[in-house]
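Asks: If you scroll down you'll find the structure; I have some questions about it.
No lab work stands behind these numbers, since they all come straight from the coordinates. Everything numeric here is computed off the predicted structure, so don't read it as measured data. Quick reminder, even Gly has a Cβ in these numbers, built from the backbone with ideal geometry, and neighbours come from all protein chains shown.
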């Protein structure tokens, strides 16, 4: 009888171990799926070293969460990504009541956009034309080479295409999530300066007219912005965040690929 009981106990422990291992494998798989690999076409070139205009990284100096804030964020059932809310929480603290037994409080911190969830994204590698290099070789007897050279400085603007009260914060959360998932150099505004060049030759045959067109690529990001009423609940010296009245709003934006140029070459007689 004891032997049978021990066998059953060992079987249950073994089964539990398998479940834990599978759960860990599933979590790893889900984490890996969160990263979205976007293949860059071979006609898209990085001109970060050649660009005559410096593009900023558009990384605002938002505060890192304090230890107290980090604990609140980790314990929250709702993911919180809003850096402005983090700033408010960083200025909060909870001191023990003189008599903590039975002391409770719920403090309303306001209505906030707390997080962003991506639903769909895609890249338009020819989002906006920024340059054109023609070469007329229709009177020539031999092939000639054509290379890319930016004729004038071009600035392209992206950003939100839907209206929001906290425009800059919403844009920041969307761009940060998209950059994390795709590893692309995303910005809301990008420039290619006059004189920027790439020494990659294209052959324009005799009696042909060649044209090399430059484009600024951009990523289209769409998803849902999560709003909610934020409360800090305090019980004695313990505190936690609660998000009530959660709503979701569809949101979209375009983000430029910083220091990237798509070059399309064609010839005709």
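Asks: Under a plain spin-label model, where a point goes 7 Å from the Cα along Cα-to-Cβ, how far apart in nm are residue 153 and residue 46?
Replies: The two pseudo-label positions are separated by 2.5 nm.
Asks: Moving to a separate point now. Starting with the highest mean, order 250-259, 120-129 by the number of other Cβ atoms within 10 Å, averaged over the residues of each peptide. Intermediate results must be reported in sequence, preceding the final value.
Replies: On the way: 250-259: 21.5, 120-129: 15.6.
Packing order, densest peptide first, comes out as 250-259, 120-129.
Asks: Would you kindly state how much longer the chain becomes between residue 93 and residue 269 on full extension, computed as 0.36 nm times their sequence separation minus their alpha carbon distance, in nm to one decimal?
Replies: Length gained between residue 93 and residue 269: 56.0 nm.
Asks: Now a separate question. As a footprinting exposure proxy, order 38, 130 by other Cβ within 10 Å, with the fewest listed first.
Replies: Numbers: 38 12, 130 22.
Lowest count first: 38, 130.
Asks: Translational diffusion coefficient of region 60-206 at 4 °C, 1.567 mPa s, Stokes-Einstein with Kirkwood Rh over Cα pairs, in µm²/s as a whole number. Numbers along the way, then the final one.
Replies: Working: Rh = 20.6 Å.
D = 63 µm²/s.
Asks: Let me ask something else. Calculate log10 I(q)/I(0) of region 156-240 for q = 0.11, 0.14, 0.17, 0.19 Å⁻¹, where I(q) comes from the Debye formula with a single equal point scatterer on each Cα and nothing for solvent.
Replies: Rounded to two decimals, the profile gives -0.58, -0.76, -0.90, -0.99.
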